[in-house]
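To start, the structure itself, in structure tokens.
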Amino acid sequence: MSNQDKLNNLIALRSKAKIGGGEKRIEAQHAKGKYTARERVELLLDEGSFEEYDMFKEHRCTNFGMEKQTFLGDGVVVGSGSIDGRLVFVSAQDFTVIGGSLSETMSQKICKIMDMAMKAGAPVIGINDSGGARIQEGIQSLAGYSEIFQRNIMSSGVIPQISAIMGPCAGGAVYSPALTDFIFMTEQNSYMFLTGPKVVKTVTGETISTDDLGGAYMHNTKSGVAQFMAPDEKECLAMIRKLISYIPQNNLEEPVRTAFTDPIDRNCDLLNDIIPESAKKAYDMQEVIACVVDDGDFLEVHKGFAKNIIVGFAKIGGMPVGVVANQPMYLGGVLDIEASRKGARFVRFCDAFNIPLVTLVDVPGFLPGSTQEYGGVISHGAKLLFAYGEATVPKVTVTLRKSYGGAHIVMSSKQLRGDVNYAWPTAEIAVMGAEGAVEVLYAKEIAAQETDEAKAAKYDEKKQEYNDLFANPYQAAKYGFIDDVIEPRNTRFRVFRALQRLQTKRVTNPLRKHCNIPL
Ligand code: HXC
């Protein structure tokens, strides 16, 4: 073979590898409204940046005549590339090759780029579209999954790990995405479950559709397994690119600061009037966030789940921050099991990757009731408490209105090593709200009144007394638990300046094997 023939051979092999399972299966993939693995990688990465590895690797299974069904590269495309010029590693399962089912070879390919990502200290992104373990390979395929899981675990908190589900992801296969930091799903064609509808029907008798059991909407609103839902694959990949812009390459790096045009001393008059006169009225915390962050640009995480707490990424003066905020529009912004889980996971991600936390507080307390207690709200609430308390990143807190009881402590209070704690003049920082307090303290005195009118008058009098004393930020400020009471419209500037001054913050936790967060 001449050198030219060898070159032609390479070109021919590359072309063959690039069509994966063949044109017909590519057509079938497109007909479902799905892109192929390579198309997804191209859309995800900066143009021309993809460097593919293991394009010629094939499976070695000979069970069930599998030696006749080989494909160059087998069922996954792996390699490195860049997003806005920053290095990332990618794997994309190729459904056109034996349904993207995971072979030992595929696992080796995925593990290779996971190892490279760890060595380089760069994020790893896995695109899932697979029928699960390759049945013909049996235990080797299972071992392949285990190798991936072990790497997911070792990479956790060292490099960011992102999963996108763009097809089936079933059985034990779900555990790799579940071990990563963020799961993206697409509205169509994306589902995750341990056992599919058929098995569910056989074992429990329940009839349920694929979407209801494990679709994007379910996981983004009910289970909280997924953090992002995109209308389509293109948008999904664009959202991953956006997420990458807020997070550093690894746990030893700071997030990338970028130039900004939104004036840092931009006052936001809306904030001076946003708190309603009536304590029972809600306002939209999203408006507060939009006022405070650069250009109102906020990448919300877990948008559809536990809406009583808002978490997400934004920039303030070009600095990436993690925002955590109670949302008075849903359940009055109360903390419950789901909100605690959602908040805790986000706070821990930010802390692991050196992203400062900005916490906006308006919380009436923890949701009371047997449903919450039976569900273990004590342990779940403790997760958020633990997450804030162990976090060593800069923590800036602004209390807008209510901040009562245990929830006050949990939401990045001074005693949980909050670095700078501001309050608006409308803040109410107390053990509990006036109504509850009056009922506990003055129940007998009120009952002793002879008429209903007299009872109501006594109740109002005591409530007023309590509010005069506690429904303000100055009790807390008196003790130094609040560092300053600020004018709401200056919040953006004050938070920015606090963050600036905390850039060199150095706090470490005691050495230990690992903590024992109440999981
Ligand atoms: C081998 C598989 C496969 C698998 C799909 N294929 N899944 N081959 N092992 N796990 C093959 C199909 O035989 C078919 O080949 C091709 O991929 C495309 O699949 P279709 O069924 O035609 O596609 P579709 O109709 O879109 O259905 C997709 C699907 C279905 C829902 C994923 O294929 C399916 O139910 N697959 C099995 C899912 C499963 O039970 N997997 C094992 C889970 S247990 P041909 O040549 O006929 O076109 C598991 C354990 C992991 O994963 C444990 C880790 C710890």
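The values are calculated or read from the model by the stated rules, or taken from the named source; none is laboratory data. Source: prediction; values computed, not measured. Don't worry about glycine lacking a Cβ; one is built from the backbone with ideal geometry, like all the others, and counts go over all protein chains shown.
The criterion of being acidic (Asp, Glu) and either near the ligand (Cβ under 8 Å from one of its atoms) or touching an Asp or Glu at 6+ places or on another chain (Cβ under 7 Å) (or both) holds for GLU137.
In the list GLY224, GLY214, which residue meets the criterion of being closer than 30 Å to SER91 by Cα, within 16 Å of the ligand (Cβ to nearest atom) and at pLDDT 95 or above?
Working: GLY224 fails: within 16 Å of the ligand (Cβ to nearest atom).
After applying the criteria, what remains is GLY214.
Of the residues making up the range 100-132, those that are touching a residue at least 60 places away in the same chain (Cβ under 8 Å) and within 16 Å of the ligand (Cβ to nearest atom) are GLY100, LEU102, ILE127, ASP129. Restricting VAL97, VAL78 to those that are more than 12 Å from the ligand (Cβ to nearest atom), surrounded by 24 or more Cβ atoms within 10 Å (Cβ to Cβ) and over 23 Å from the mean Cα position of the chain (by Cα) reduces the list to VAL78. Against the test of being at pLDDT 95 or above, surrounded by fewer than 17 Cβ atoms within 10 Å (Cβ to Cβ), in contact with a Ser or Thr (Cβ under 7 Å, 6 or more places away or on another chain) and more than 27 Å from SER141 (Cα to Cα), the options ASP46, ASP5 yield a single qualifying residue, ASP46. In this structure, is THR392 more than 21 Å from ALA339 (Cα to Cα), among the β-branched types (Val, Ile, Thr) and under 28 Å from the mean Cα position of the chain (by Cα)? So THR392 fits the description; yes.
Residue by residue, here is whether (1) touching a residue at least 12 places away in the same chain (Cβ under 8 Å); (2) over 27 Å from the mean Cα position of the chain (by Cα); (3) within 16 Å of the ligand (Cβ to nearest atom); (4) on the phi > 0 side of the Ramachandran plot holds:
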residue	(1), (2), (3), (4)
LYS16	yes, yes, no, no
GLY22	yes, yes, yes, yes
ILE26	yes, yes, yes, no
ARG40	yes, no, no, no
PHE50	yes, no, no, no
ARG60	yes, yes, yes, no
ASN63	yes, yes, yes, no
LYS68	no, yes, yes, no
ASP74	yes, yes, yes, yes
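The one condition from (1) within 16 Å of the ligand (Cβ to nearest atom); (2) in contact (Cβ under 8 Å) with a residue 40 or more places away in the chain that ALA259 does not meet is (1). Just so you know, in the range 167-185 the residues that are of a type in the set (Val, Ile, Thr) and within 16 Å of the chain's Cα centre (by Cα) include one that is farthest from LYS242 (Cα to Cα), and it is THR180.
Which strands (runs of 3 or more DSSP E) does the range 156-210 wholly contain that include 1 or more residues that are within 13 Å of the ligand (Cβ to nearest atom)?
Working: elements: 161-165, 168-170, 182-186, 191-193.
Ranges flagged: 161-165, 168-170, 191-193.
For the condition within 16 Å of the ligand (Cβ to nearest atom), more than 25 Å from GLY196 (Cα to Cα) and touching a Ser or Thr at 6+ places or on another chain (Cβ under 9 Å), ARG86 does not qualify.
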